[in-house]
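Structure first, then comments.
Bear in mind that the values in this text are calculations on the coordinates, not laboratory data. Predicted, not measured: the structure shown is a model, and the values here were computed from it. Please note: Cβ atoms are built from the backbone with ideal geometry, for glycine as well, and neighbour counts cover all protein chains shown.
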Amino acid sequence: VTTPLHVTFAAGDCGAWRITGVSTIVGPTLPPATALCVLEGPDPAAPPNCAWSLRGVISNTRYTQRGEVDALTSRQEGLRRTQATHAALIPMRKTDAWWALAQDERRAIFEEQSHHIGIGLEYLPAVARRLHHSRELGEPFDFLTWFEFAPEHEAAFDAMLVRLRASPEWAYVDREIDIRLLRDPER
Ligand code: HEM
């Protein structure tokens, strides 16, 4: 499996994922939709009746140190596992204050103060993840975060969100929408 560079999340009335819930955590919400498709490639054809679409790219890591890379690599599993029928798409934007910080200051907030990787590691391999960067594309969100898990791990996923959202890093989040999905069994 090769990693795509460009990924578009297009919501409307058709797609391989059924939208089961939308929680607007902070900032404006998105128009309603019942299904989502994940399109890989730089210039995908827009699906019919598209309610919204968000684009991101898969990029290099910014903050992860060698020991963390190794810990992640040894525990994480890939997307599209058969049992991982549930997913979450969480688009996020961070404040101007975050982007005005220096790299070392952002790293300190992200890990030394918030333990983002430390917390996240506790939920591997149950949760598989992929981070997409959108800020450089001039998109409404800075990041499109994607997670896949089996239904019996959704409660643990929710518990992880409570911990992360209580951390200092999240004080810099000014738009966040939590979209839950179920893989359409017919697709
Ligand atoms: C499943 C457990 C998780 C793990 C192992 C994990 C791990 C990571 C790692 C290693 C990075 C840094 C990538 C880099 O070096 O650039 C990162 C970034 C990020 N993660 Fe997580 N994460 C997890 C869960 C989450 C959740 C639940 C959310 C959203 C609610 C989230 C949102 C983000 C965002 C937005 C970034 C980019 C931060 C930035 O560049 O400012 N992560 N994550």
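Assorted remarks:
- Using a Förster distance of 30 Å, the FRET efficiency for residue 71-residue 46 (Cβ separation, nearest 0.05): 0.15
- Restricting segment 32-137 to trypsin sites (Lys or Arg not before Pro) in coil, as DSSP defines it, with at most 11 other Cβ within 10 Å: 62, 80
- Annotation: amide H-H contacts under 5 Å for residue 184 (H modelled 1.01 Å from N, sequence separation of 5 or more, or interchain): 17, 18.
- Hz values of 3J(HN,Hα) by residue in segment 24-39 - Karplus curve (6.51, -1.76, 1.60), Gly and Pro given as x: 8, 7, 7, x, x, 7, 10, x, x, 7, 10, 8, 9, 10, 10, 10
- Placing a pseudo-label 7 Å from each Cα along the Cα-to-Cβ vector at residue 156 and residue 184 gives an inter-label distance of 3.0 nm.
- Rounded to 10°, Cα long-axis angle of helix 66-75 versus longest principal axis of the chain: 40 degrees
- Percentage relative contact order, segment 58-187, counting C-alpha pairs under 8 Å, at least six apart: 41 percent
- Between helix 154-165 and the chain: long-axis angle, C-alpha atoms, 0 to 90°, nearest 10: 50 degrees
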